[in-house]
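Below: the structure, in structure tokens.
What follows is calculated from the coordinates using simple rules that are stated; it is not laboratory data. Since the model is a prediction, treat every value here as computed from it, not as a measurement. With ideal geometry, Cβ positions are generated from the backbone for all residues, glycine too; neighbour counts draw on all protein chains shown.
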Amino acid sequence: MRARDLLRANDRRFCRVAADLGPADWAAPSLCDGWTKHDVLAHLVIGYGSSLGVVVGEMWRQRGSFDAANAEVSRALAARRPPGELLDDFARLVECPTGMGRYFPRALLLGDHVTHELDVLLALEREPSVGGDALIAVLEAQVSLPNPFVPAYRNSRGLRIRATDVGWTHGCRGPEVHGRAADLISVLGDRPRSLERLRGDGTSVLSARVLSRPNRTAS
């Protein structure tokens, strides 16, 4: 399945999953440092519905910090619109994006959306239902392509990584890290919550890399 089709199918599935969350769920912290799940949902809507100029303008106000600008515009939108309305916005934009998300590579957007779904669900101790094809596509893209917003490429360097549930592997030498694909995606993205679920002689190396940097906010 093409990345475009995987992205759309995954986004539609996320809408169904997210519809079951209640107000207390959305108000609780996500795995993004300093972000509620409501903030994460607003971030996803901004990606599909806002122009790049919105973020660039906020970066100017935040003295060039993308992370600070990203956080500010997401929290501002979350303050204006409740989760139910944002989820309706997202469902509509999945079918017809109007903002900067139209121009991003679909494989990178898929990684962004899957990672943030995990930020929401793993923080609630809920099992994610992301499809195997989508998980493999995210892992493959994130460990293969340097990305200033996602640290998976550098976190994976020199390691053999194996997803035990979807038959995916990366690397041919070095210490091994293995575990479920969703947990690998989350940890490689600098979310330490699932470190305890990973196994292998490379987990200490990966753990040191992840814990040596502050947990990033949404990309």
Problem set entry | Within region 132-211: Cβ-based charge dipole about Cα centre, in debye rounded to nearest 20 (Lys, Arg +1; Asp, Glu -1) | 220
For this session: Only loop residues by DSSP count here, and only those with at most 10 other Cβ atoms within 10 Å; note down the trypsin sites (Lys or Arg not before Pro) in region 1-48 that meet that.
Result: 2
Problem set entry | Sorted largest first, extent of region 39-157 alpha carbons per principal axis (Å) | 35, 32, 28
Exercise. Fewest to most neighbouring Cβ within 10 Å: what's the order for 129, 186?
Worked result: 129, 186
For this session: Kindly provide log₁₀ I(q)/I(0) values, in the same order as q = 0.09, 0.12, 0.18 Å⁻¹, from the Debye equation applied to equal alpha-carbon scatterers of the chain.
Result: -0.33, -0.60, -1.37
Problem set entry | Antiparallel DSSP beta bridges within the chain, percent to nearest 5 | 60
Exercise. If Lys and Arg each add +1 and Asp and Glu each add -1, what is the summed charge of the other residues whose beta carbon sits under 13 Å from the beta carbon of residue 83?
Worked result: -3
Seminar exercise, completed: Ranked by GNM mean-square fluctuation in the chain (Cα springs under 10 Å), the top entry among 53, 84, 158 is 53
Problem set entry | Antiparallel content of DSSP bridges confined to region 132-211, in %, to 5 | 55
Exercise. What is the magnitude of the charge dipole of region 1-98 about its Cα centre, with +1 placed on the Cβ of each Lys and Arg, -1 on the Cβ of each Asp and Glu, and no other charges, expressed in debye to the nearest 20?
Worked result: 220
Problem set entry | Estimated D of region 3-106 in µm² per second, where Rh is the Kirkwood radius over Cα pairs and Stokes-Einstein applies at 4 °C, 1.567 mPa s | 92
Problem set entry | Dipole moment magnitude, nearest 20 debye, the chain about Cα centre, only Lys, Arg, Asp, Glu C-beta charged | 540
Seminar exercise, completed: Taking Rh as the Kirkwood radius computed over alpha-carbon pairs of region 127-192 and applying Stokes-Einstein at 10 °C with viscosity 1.306 mPa s, one gets a diffusion coefficient in µm² s⁻¹ of 135
Exercise. If you average the sequence gap of Cα pairs under 8 Å that are 6 or more apart and divide by the length of the chain, what percent do you get for the contact order?
Worked result: 21
